[in-house]
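The block underneath contains the structure these notes are about, expressed in structure tokens.
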Amino acid sequence: MIKVSTMQAERRFIGQICRGAMFFLCVVMTLAGALTSSAQRQFRPLQVDERRDPYPGYYLYAPNSADSIGLMDHSGEIVIKVETGTHANPRVDVEGKLSYFTVITTPTGQTPAFVIRDRNLVAVDTIVPVGSVVADFHEGRIWSDSSFLMLSARYTPMDLSSVRPGGNANATVIEGVIQEIGFDGRLLFQWSSLEHIPVDQTCDDTDLSQAMVDYIHINSVERDRDGNYLVSCRHTDEVIKINRLSGAVMWRLGGSASKGNEFRFLNDTINGFIGFSHQHSAVRSASGTLLVYDNGNLKPDPIQSRVVEYEVDEAAKTVRRIWSYTPSSPMFSPTMGSVKELPSGSLVIGYGSGSGVGSGKSLIVAEEINRTGSADMRLSIIGTRSVAAYRFNKVQFGMTGLWRQISSAGKIAAAVGDSSTNLELDVSRVARPTSLVIEKHHYRPHRIDLTSDGTCSIAPYRWIVRAADSLSLTGSMSILSAGLTYADPSDDYAVYWRAQEGKGAFVRESRASYDADSKGWKLPVLRNGEYALASASCTVPVPVSPADSSTVELSRPTLVYSNVTAATAYEVQVSLDPVFGTVLLQQRVGDTAFVVPVDLPRGARCFWRVRRVREDRFGLWSRPRSFTVRAVSPVLVFPVSGTDTLGVAVTDTLRWRRFPRTSSYVVSVRDALSDEIVLERTTPDTMAALPSG
């Protein structure tokens with residue numbers, strides 16, 4: 001029996017022959033220059049249960065996909081995707097750079113490390129700890145424009161039999177090590193936990209009889225207002241402060257289960273338990289208070305995880321709870337969880353392992369709440385796929401957002417640093433002070449259909465204008481065209497608006513017009529909503545041939561696409577990757593038909609797209625189409641299936657016909673009974689001798 005199977009860029013021929021025992025002959029023809037298609041990225045979407053007045057930005061959390069980091073917008077859509085491999089704890093820090101924990105391959109093997117990517121998602125640095133320690137995913141961040149701070153672990157053999165009855169005499173203790181490392185590789189600061197906090201300070205629930213003992217479990221390191229370090233130590237139930245120069249522990253703050261607490265709690269007693277337990281994310285607020293995600297593991301039942309805010313008097317060594325928050329659906333998060341304060345004063349809370357499906361779990365994954373306890377955003381699990389994020393962050397990455405308190409009339413040039421939103425607001429009247437949000441996103445709005453309005457092209461931008469008090473502001477606004485590469489005013493773009501972000505129908509703003517002097521679309525009104533630009537001119541080519549998902553015979557097929565308005569040329573891309581992460585071919589063409597100038601791999605699914613070129617401006621890419629170049633199997637000359645499959649001598653030679661433009665062949669012979677490979681060879685020839693014996 002002979003069959004042909006296709007696997008990406010390989011053509012595989014399988015024939016069955018007999019030589020004493022039965023063997024399988026497999027001749028695999030590999031084309032030079034063939035590329036492997038990237039794995040599909042699968043993300044876990046979240047449901048938006050509540051959306052009122054969230055701070056501008058995208059939600060960043062992990063795990064979301066096994067091999068990729070995704071940033072999610074206020075509609076619950078993943079709008080930026082970055083393929084990273086195994087990863088944890090992504091965050092955006094100084095200069096908009098993205099960092100995350102991963103495992104890299106080095107000459108000595110697999111090494112835990114942190115990778116830094118720039119605004120264009122290009123990997124620019126890899127940080128590994130200094131000395132005989134191992135990077136720990138719990139904390140890693142850009143600390144300054146010249147250094148990186150990371151948490152590491154040192155594995156220290158210790159006799160714990162005298163620390164606690166039943167302690168392991170041959171234990172390995174995991175020591176927390178904090179390092180600040182210069183981008184030049186120099187060690188600028190190091191703090192090792194065993195030099196300051198002994199193992200006997202661990203909480204009573206730490207099992208010292210185990211072979212591996214995680215006695216302190218540091219899970220967050222923050223810069224305090226005075227430049228020193230605030231450190232959360234989960235397994236000692238403490239937040240500690242470390243001097244940034246000497247490394248000395250300045251103070252230790254903990255609840256009832258802490259053995260080194262130095263503070264007196266003025267309140268915050270629940271069922272006889274004082275303070276917090278097994279916490280995460282100890283951070284300073286803008287007002288100087290201490291915010292903690294209190295998991296509550298060692299508290300009496302019923303345990304409810306919460307966010308708690310303390311007023312800490314470091315001189316008097318007193319602490320007072322001034323605020324706390326428990327979600328509307330109370331939960332217990334045994335592990336993970338986070339809290340982050342936004343510049344508006346609102347908080348982003350991630351509920352860690354408290355999220356999930358089943359008894360004692362909550363469908364709520366994260367919330368963005370204001371200090372009145374109202375949710376501006378609530379994100380929940382969809383279906384039965386749990387999402388338990390170690391941390392839940394909100395970042396401005398790949399977008400520009402502005403939040404401002406408005407109390408008087410005036411012009412607002414909405415820019416953040418050197419990033420413009422392309423919006424200019426002229427507030428003529430303020431009825432009541434209110435906050436104002438302005439956002440610019442670099443993709444077209446979700447869930448839209450403007451074709452019924454005669455619209456052909458939609459620019460890849462969307463804008464949000466939102467005053468917390470929608471009736472408080474009166475004025476006008478402009479969308480400036482400078483820098484909008486994909487919205488040429490000469491293509492007759494018009495302004496469209498809808499009242500709610502991501503919901504409802506867009507309507508054309510009939511009062512808006514393009515002003516050549518100010519180079520922008522002017523609107524005589526200022527109102528909340530989502531804005532977009534669309535044109536009746538068809539500026540996006542439509543792929544015509546080959547038909548989508550078809551099979552073609554020629555390895556150099558002709559790609560045909562529609563003509564579009566005012567195109568001086570077209571640019572075509574071909575890839576084996578559906579998201580064009582790796583491009584096989586990119587070429588500028590002067591016609592609407594393009595003959596691929598190189599041989600595409602037979603048996604591989606190829607993706608292609610095209611866009612308009614107009615002088616020095618590029619249009620939008622078309623939607624990708626795909627086709628497969630028909631696979632052609634190598635033809636065996638000897639043995640021939642059905643004719644020569646019996647009595648093949650061990651001295652016989654396997655022979656096949658040469659295939660055009662093939663650099664080499666892989667021959668594999670497998671024993672069909674033992675499944676043992678008895679011959680595997682790569683050869684440029686069209687013959688291979690069978691193994692003897």
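Each reported figure results from applying straightforward, stated rules to the coordinates on display, with no laboratory input. Values in this document were obtained by computation on a predicted structure and should not be read as measured data. We place every Cβ from the backbone using ideal geometry, glycine too, and count neighbours over all the protein chains shown.
Numbers for the structure displayed
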{"quantity": "Under Karplus coefficients 6.51, -1.76 and 1.60, residue-wise ³J(HN,Hα) of the range 135-144 in Hz, glycine/proline x", "calculated": "4, 10, 5, 4, 8, x, 7, 5, 8, 7"}
{"quantity": "Computed E for residue 655/residue 593 - FRET, C-beta separation, R0 41 angstrom, nearest 0.05", "calculated": "0.50"}
{"quantity": "Long-range HN-HN contacts of residue 554 with modeled amide H, under 5 Å", "calculated": "none"}
{"quantity": "Relative contact order of the chain, defined on C-alpha pairs under 8 angstrom at six or more residues apart (%)", "calculated": "12"}
{"quantity": "Those aspartates and glutamates that a straight Cα-Cα span of less than 13 Å connects to residue 411, excepting residues fewer than 8 apart in one chain", "calculated": "424, 426"}
{"quantity": "Amide H within-cut-off set for residue 526, under 5 Å, with H built and near neighbours excluded", "calculated": "475"}
{"quantity": "Residues 72, 212, 150, sorted so that the one with the fewest Cβ neighbours within 10 Å comes first", "calculated": "212, 72, 150"}
{"quantity": "Cross-link pairs 241/440; 299/394; 97/317; 361/394 - those with Cα-Cα distance over 32 Å", "calculated": "241/440; 97/317"}
{"quantity": "Listed values (1) 74, 59, 52; (2) 141, 77, 55; (3) 94, 80, 50, entry calculated as Cα extents along the principal axes in Å", "calculated": "(3)"}
{"quantity": "Karplus-derived 3J(HN,Hα), 6.51/-1.76/1.60, for each residue of the range 228-240, Hz, glycine and proline x", "calculated": "7, 9, 9, 10, 9, 10, 5, 7, 10, 6, 9, 10, 10"}
{"quantity": "Proximal aspartates and glutamates to residue 340, defined as alpha-carbon separation beneath 16 angstrom and excluding residues fewer than eight positions away on the same chain", "calculated": "93, 139, 222, 224, 294, 309, 367, 368, 376"}
{"quantity": "Under Karplus coefficients 6.51, -1.76 and 1.60, residue-wise ³J(HN,Hα) of the range 605-613 in Hz, glycine/proline x", "calculated": "7, 9, 10, 9, 8, 9, 9, 6, 10"}
{"quantity": "Candidate aspartates and glutamates for bridging to residue 259, where Cα separation is under 15 Å - those fewer than 8 sequence places away on the same chain excluded", "calculated": "200, 204, 205, 237, 238"}
